[in-house]
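Heads up: the structure comes next, in structure tokens.
The values are calculated or read from the model by the stated rules, or taken from the named source; none is laboratory data. Note that the structure is predicted; figures quoted are calculated from it, not measured. Every residue, glycine among them, receives a Cβ derived from its backbone with ideal geometry; neighbour counts consider all protein chains shown.
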Amino acid sequence: MDHFQIERAQRLSQLPPYLFSEIDKAKRKAIEEGIDIINLGIGDPDMPTPENIIRALCDTAANPANHRYPSYEGLLELRHEFSLYMKRRFDVELSPDNEVLTLIGSKEGIAHLPLALVNPGDFVLIPDPGYPVYRASTVFAGGIPYTFPLLADNDFLPDFDDIDPQIAERAKLIFLNYPNNPTAAVADRGLFERAVEFAKKHNIIICQDAAYCELAFDGHRPVSILEAPGGKDVAVEFHSLSKTYNMTGWRVGFAAGNRDIISALGAVKTNIDSGVFQAVQYAGIAALRTPVNIAADIVSTYAERRDTLVDGLNSLGWRVPKPKATFYLWVTVPPGYTSTELTTMLLKEAGIVTTPGIGFGRNGEGYIRMALTVKKERLAEAVERIKNIRI
Ligand SMILES: *Cc1c(COP(=O)(O)O)cnc(C)c1O
């Protein structure tokens, strides 16, 4: 045999095509040409992790006790801290023993959840537009992704009455994500109550992704699905320290909720990973004990940036709503452009990187996403540049 061919597993070809390759190419070209790029494309905080957290890592990293495999379920002390947070913040009681699970970032838990719950051929209900991991993890578990639309007319919330009851009967799991990436929509308690009712009626497990629940503005306080009556019977909620404390690189988060869901996810994880570096777990404890004024400063920085960009764009005649949460703007594309065309144009003409809505699903067409992960001055500069081009 002179040629050995590597054949990828079929599940990889079931993933949606990578839609950003044209934009990536244009971005690389612009950088090579020395163009000063303003990157509003990525949802990754630009600010440093608060000092108290870094200090906790440094203090514990040198201790040999932390150099060994951590326990599968994570330090009880950290899980206890997670449950204290859920009590303090949402008045939700959770046992650190079996209703909270430490994760290597919430993405890890979300990606492994379908392996724990979904059988081949089960339907999984996925928001469109939505965070791409929900679909990929469903496909990896042999589930069938079935999308439900998030539409402006319904404030980018699901309409449970509109989901085909025959599909719902065959569905095992539904993904929700509020505050929402990419639309920046928020859910109130009523939405979560309707979700729990729908889930109970059709025997569907709920996975609510709460990655942005601490990034909310103007006094808005996102709620937990575990606050809804019966929430703990059907739901698991994924929490992350990444966005709240500028810790995307550290990889620590947690799952909270129904103990049977938590135990099933734990069973998958014990066979795949060996937990979070213990020094990072100590840093996680420190994160949740971060002085409130430091966490509030992070949020108010995003609020200021939001105002700079939204007010700036609206002064040019755009109509961008002010999001109540997340660090994204979900911006309607003007007539005459697709989302990809507008993104390409903004990059070529203004050196501004944005994300085309189509990358998050069919219903993302007609929008682009702008991330508030650059300094206010750069956002003001972005507005100036857009003023000087014709859209
Ligand atoms: C950033 C993000 C996550 C992942 O966060 P990690 O805890 O860093 O894995 C999960 N869900 C959504 C919607 C996100 O945007």
(message) Please go through (1) within 15 Å of the ligand (Cβ to nearest atom); (2) surrounded by 24 or more Cβ atoms within 10 Å (Cβ to Cβ) for Gly143 and return the number of the only condition it doesn't satisfy.
(response) (1)
(request) Name the one entry in Asp233, Asp209 that is within 8 Å of the ligand (Cβ to nearest atom) and either in contact with a Ser or Thr (Cβ under 6 Å, 6 or more places away or on another chain) or in the same structural domain as Gly109 (by TED's automatic domain parsing) (or both). (result) Asp209
(request) Could you check how many residues of segment 1-58 are within 26 Å of Glu377 (Cα to Cα), at pLDDT 85 or above and under 23 Å from the mean Cα position of the chain (by Cα)? (result) 13
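Could you tell me whether Arg88 is of a type in the set (Lys, Arg) and touching a residue at least 24 places away in the same chain (Cβ under 8 Å)? Full working, then the answer.
Numbers: of a type in the set (Lys, Arg): yes; touching a residue at least 24 places away in the same chain (Cβ under 8 Å): no.
Against the criterion (of a type in the set (Lys, Arg) and touching a residue at least 24 places away in the same chain (Cβ under 8 Å)), Arg88 does not qualify.
Just for segment 92-108: of the residues that are part of a helix (DSSP H, G or I) and over 16 Å from Ser224 (Cβ atoms), which one is nearest to the ligand (Cβ to nearest atom)? Show your work before the answer.
Residues of segment 92-108 that are part of a helix (DSSP H, G or I), as a first pass: 106-108.
Right, trim to over 16 Å from Ser224 (Cβ atoms) and you get 107-108.
Numbers: Lys107: 3, Glu108: 6 Å.
Filtering segment 92-108 for residues that are part of a helix (DSSP H, G or I) and over 16 Å from Ser224 (Cβ atoms), the one nearest to the ligand (Cβ to nearest atom) comes out as Lys107.
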(message) Name the single residue that is nearest to Ile205 (Cα to Cα) among those in segment 264-283 being surrounded by 18 or more Cβ atoms within 10 Å (Cβ to Cβ) and either within 13 Å of the ligand (Cβ to nearest atom) or among the polar types (S, T, N, Q) (or both).
(response) Val276
(request) Determine, yes or no, whether Ile261 is of a type in the set (Val, Ile, Thr), crowded, with 19+ Cβ neighbours inside 10 Å and within 19 Å of Val100 (Cα to Cα). (result) yes
(message) What pairs come out if I take residues in segment 166-184 that are more than 11 Å from Pro129 (Cα to Cα) and pair them with residues that are acidic (Asp, Glu) whose C-beta lies under 6 Å away, six or more apart or interchain?
(response) Lys172/Asp122
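Can you find a residue in segment 354-371 that is more than 27 Å from Tyr178 (Cα to Cα), part of a loop (DSSP other than H, G, I, E, B), over 20 Å from the mean Cα position of the chain (by Cα) and not acidic (Asp, Glu)?
No: segment 354-371 contains no residue that is more than 27 Å from Tyr178 (Cα to Cα), part of a loop (DSSP other than H, G, I, E, B), over 20 Å from the mean Cα position of the chain (by Cα) and not acidic (Asp, Glu).
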(message) Cβ-Cβ distance below 9 Å, separation of 6 or more or different chains: which pairs start in segment 43-54 with a residue that is under 23 Å from Thr183 (Cβ atoms) and end on one that is more than 16 Å from the ligand (Cβ to nearest atom)?
(response) Asp46/Val374; Asp46/Lys375
